[in-house]
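Written below as structure tokens is the structure these notes are about.
The values are calculated or read from the model by the stated rules, or taken from the named source; none is laboratory data. A quick note: this is a predicted structure, and the numbers were derived from the prediction, not measured. Here Cβ is always computed from backbone atoms with ideal geometry, including for glycine, and neighbour counts include all displayed protein chains. These area figures cover heavy atoms from the full protein model, side chains too; ligands, DNA and RNA do not enter into them. Shrake-Rupley method; radii C 1.70, N 1.55, O 1.52, S 1.80 Å.
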Amino acid sequence: MAISADLHQALRGIVAQRMATDPAHDLAHLDRVWVNVQAIAGPGADRDVLLAASYLHDLVNLPKNAPDRHTASRRSAAEAAPILRDLGFDDTQIAATGHAIAAHSFSAGIPPETEEARILRDADRLDALGAIGIARNFSVSGSLGRALYDPADPFCERRTPDDALYSLDHWRVKLLSLPQGMLTDKGRALAEARIALMLRFLDDFAAEIGTPLPAEWTHG
């Protein structure tokens, strides 16, 4: 399938039937990752591989608190292979797409070894930042029954952050440090802009609960 517009339509149709109802990992998330990929990718990247990886990277989506969460991206890559073969991808493209999918995951800990894998990882992590990232954070935490924050110590000044208990702690544990881990220059620039928005939100949040925002939160 040579025409990217046709490939895009085919991939969206496939995942629309398979995506779970998790609002943080739905078809809209995949659309946003693809938008991010296009903003990051340079002219030398394989756009068909990136398109396929964008839409198939969450084929297996396990809950954030699942003990085997770290296996989801590898399982997604395995499930993607026959889909890609049916769409006319050759073995080289299937392997490249599978690696990008497997290596995108934070929990899997697989080093991205190709340009496409680095782009996809940055694009997926961008969707955890900014206005959408704020919404996704609280949506996921709510679905898992986590409190918004610890009223006694909202900014973890006297305790270790625990994002298994509090939504806001996830910012300290992971989200605010994501820009430093971006692997592309464009991805890092976009991430830093989104972090700036999140810090403005944190300033307002802190003011509304009457607790000053500690300086260390502004440094990721």
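Measuring nothing but protein heavy atoms, the accessible surface of the chain at 1.4 Å probe radius is 54 percent carbon and sulfur. Across the stretch 3-111 the C-alpha pair distances fall into 10 Å bins from zero in the proportions 15, 50, 31, 4 percent.
Using every pair of distinct Cα positions in the chain, the Kirkwood expression returns a hydrodynamic radius of 18.1 angstrom. Springs between Cα atoms under 10 Å define the GNM used for the chain, and in it the highest mean-square fluctuation of L175, L199, L56 occurs at L199. Could you tell me which of rounded, prolate or oblate describes the stretch 128-199, using a ≥ b ≥ c as the square roots of the eigenvalues of the alpha-carbon gyration tensor, with rounded for a/c under 1.5 and, failing that, prolate when a/b is larger than b/c and oblate otherwise? Prolate shape, in that a/c is at least 1.5 and a/b is the bigger ratio. Entry comment: accessible area of the chain is 46 Å² per residue, from protein heavy atoms only and a probe of 1.4 Å. Springs join every pair of Cα atoms under 10 Å in this Gaussian network model of the chain, and among A52, A123, A81 the largest mean-square fluctuation is at A81. Between H29, H57, H104, the Gaussian network model of the chain with springs among Cα atoms under 10 angstrom shows the greatest mean-square fluctuation at H29.
Taken about its Cα centre, the stretch 129-217 carries a charge dipole of roughly 340 debye when the Cβ of each Lys and Arg holds +1 and the Cβ of each Asp and Glu holds -1. 3J(HN,Hα) along the stretch 26-34: 10, 4, 4, 4, 5, 4, 5, 4, 5 Hz, from the Karplus curve 6.51 cos²θ - 1.76 cosθ + 1.60 with θ = phi - 60°, whole Hz, x for Gly and Pro.
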